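Please read the structure below before turning to the comments.
The values are calculated or read from the model by the stated rules, or taken from the named source; none is laboratory data. Here the structure is a predicted model, which is why all the values come from computation and not from measurement. Neighbour counts are summed over all protein chains in view; Cβ atoms, including those assigned to glycine, are modelled from backbone coordinates with ideal geometry. Note: areas computed on protein heavy atoms with side chains; ligands, DNA, RNA excluded. Shrake-Rupley method; radii C 1.70, N 1.55, O 1.52, S 1.80 Å.
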Amino acid sequence: MKNLVCFASRTIYETMEQITLNGKGVVFVVDDHEKFLATITDGDIRRAILSKISLGAKIESLVKKNSKEFQLLLSRFPAEIAKKLQRPSASANIGTPVEELLNMVSERINIIPLLKDHKVVDYFQHKALFYAPIASPCLRGNELKYVVECLETNWISSQGRFIPIFEKMISDYCGLKFGVAVSNGTVALHLALMTLNIAEGDEVIVPDLTFGATINAVLQARATPVIVDVEPDSWCIDPLLIEKAITKKTKAIIPVHIYGQMANMKKISEIAKKNNLFIIEDCAESIGAAFENKMSGGFSDIACYSFFANKVITTGEGGMCLTNSKELDERMKVLRDHGMSKTKRYWHDHVGMNYRLTNIQAAIGVAQVEQIDSFAMRRNQIRSLYEEKLSHNPLFTPQMKIKDRKSITWLVTFLMDKRIDIDKMISLACEINIDLRPFFYPLSEMEPFKKFKFETCPVTNDLSSRGLCFPTSMVFSDEEYCRIIRSLDEISHKCIKFL
Ligand SMILES: Cc1ncc(COP(=O)(O)O)c(C=O)c1O
């Protein structure tokens, strides 16, 4: 709300800046006593600039119909536009029925200020123009500045200063020694497997509840995945089942810290040590999470990260492998770059791939890491808001908080009551432009992967049938989240199945 209300004494330039920051395309102009005067749109400002009205003029001049600036504006445009500009701005008293508010929404203004004693206390926005995506990138730091630097200096490919900086920033943040930036999280997993010489005949243990990339990477390495079930509390791979699934052929375990929650890395590390197995943590969803104060990734031979646009930090597409081993770091850097010798150009010592990240992507990544602490804080606030506002509704059970584990909010996730029809919930939310996602489907249920199941996976089956991810985009304010949450709360009651 704060960014929507604008004092009449502000300049046109300042108002333009405010509209850019609030992302709504409008401001509500108020007088010195905070009484509502008019709604000014970004279109009004565009027309003022075209009419050569000074950017230093007060915004009040576009509100007062008898000002010389307003008259200049009218003279510049054809009669039918001038007529529309003279119409008073719509406003309504708080408590006005929705049907009435819908009638007030016009093509020019889809957002109506709601007043109490002439002061703006809330606003109504036409739902068709409101869309709450599950996630969206937040690129309001130095992203543009650093990308412009890449373009101006011509370093747009996979060399340039931002790549080593990005690698160092991520490895420092996660507490590992070396970082190898790659083109996405899936190839990070594949590069890790290649680097550890995991290949045909080797078995790799993976959880049933994960995104397909985890198992696809194992299959691309021609190894055999072994799918085991997850724990009901953490939703991550069950250490007891790992132990059961180990054979002479097992070479590695890939724990996935699902939805930002850490797997039991203490037990998994003990098992790996006892059986001489590699650990490759899939940290695509967990950058910043920790287990007993050790950051996610810190338990690995090689840890893998994703910087896809829906992740905590993004480079558009992008990923990274982290390790504490100098030898593995050097080998990964060679394999990422076609397996070419570092000292003899075009001489191949190994079979490799082109898994490089570009300097432009790394530039965005550097700007994102600069903001990672504030992103983590805001995501956790959003999660707390959902948990607080839905705590009275027994149909929603939040992701569990586990002692000694610090989770990161990647997506806000809840388990719905067994009676809830998840598909109906998703489609009713979709009708009011709220994007909900189901949990990942069990790998063991899907045709390409089902033959790799170790045993039945009842826990994943249950979680997958009841789990929902909610909008976690950082562009919305608390007020907007309260509205989203209220709608979800209401919808949930309409989705109860008769069992
Ligand atoms: C658990 C998990 N692993 C791996 C990946 C793959 O990352 P990317 O999309 O960057 O290839 C993802 C991405 O969504 C993921 O959620």
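Straight-line cross-link partners of K145 among the lysines, defined as a Cα under 21 Å from its Cα and at least 8 positions apart when in the same chain: K168. When the alpha carbon coordinates of region 113-230 are projected onto the principal axes, the ranges are 75, 46, 28 Å, largest first.
Please list E167, E327, E14, E34 from largest to smallest accessible area, probe radius 1.4 Å, with all protein chains kept in place.
Largest accessible area first, the list is E327, E34, E14, E167.
Beta bridges per DSSP, both residues in the chain: antiparallel share near 65 percent. Count of lysine pairs in region 176-322 with Cα atoms under 15 Å apart, counting only pairs 8 or more residues apart in sequence or on different chains? Going through region 176-322 pair by pair, I get 11.
Heavy atoms only, probe 1.4 Å: what % of the accessible area of region 32-168 goes to carbon and sulfur, would you let me know? The C+S portion of the solvent-accessible surface of region 32-168 is 54 percent.
Across the accessible surface of region 456-495, with the other protein chains kept in place and a 1.4 Å probe, carbon and sulfur atoms take up 52 percent.
Once the Cβ-Cβ distance of A79 and D423 is raised to the sixth power relative to R0 = 45 Å, the FRET efficiency obtained is 0.30. The label-point distance for L240 and K403, in a model that sets each label 7 Å from Cα toward Cβ, rounds to 1.8 nm. Between region 1-15 and region 340-362, the alpha-carbon centres lie 52 Å apart.
When the surface is traced with a 1.4 Å probe over the full set of protein chains, Y146 keeps roughly 30 Å² accessible. Here the calculated FRET efficiency for D117 and D42, from their Cβ-Cβ distance with R0 = 25 Å, stands at 0.35, rounded to the nearest 0.05.
Where both bridge residues fall in region 5-129, DSSP classifies roughly 70% of the beta bridges as antiparallel.
The alpha-carbon of K453 sits under 17 angstrom from the alpha-carbons of these aspartates and glutamates, leaving out residues fewer than 8 places away in its chain: D202, E203, D208, D229, E231, D238, E243, E445, D462. Within the same chain, lysines fewer than 8 places from K344 are excluded, and of the rest, those with a Cα less than 25 Å from its Cα are K326, K333.
For the chain, the percent of C-alpha pairs falling in each 10 Å distance bin, counted from 0 to the bin holding the largest distance, reads 4, 17, 23, 21, 16, 11, 6, 2, 0.
Could you provide, to the nearest whole Å², the per residue accessible area of the chain with probe 1.4 Å?
Here the per-residue accessible area is 48 Å².
Phi-derived couplings, Karplus 6.51 cos²θ - 1.76 cosθ + 1.60 at θ = phi - 60°, listed residue by residue for region 343-351: 10, 10, 4, 6, 9, 9, 8, 9, 7 Hz, with x used for Gly and Pro.
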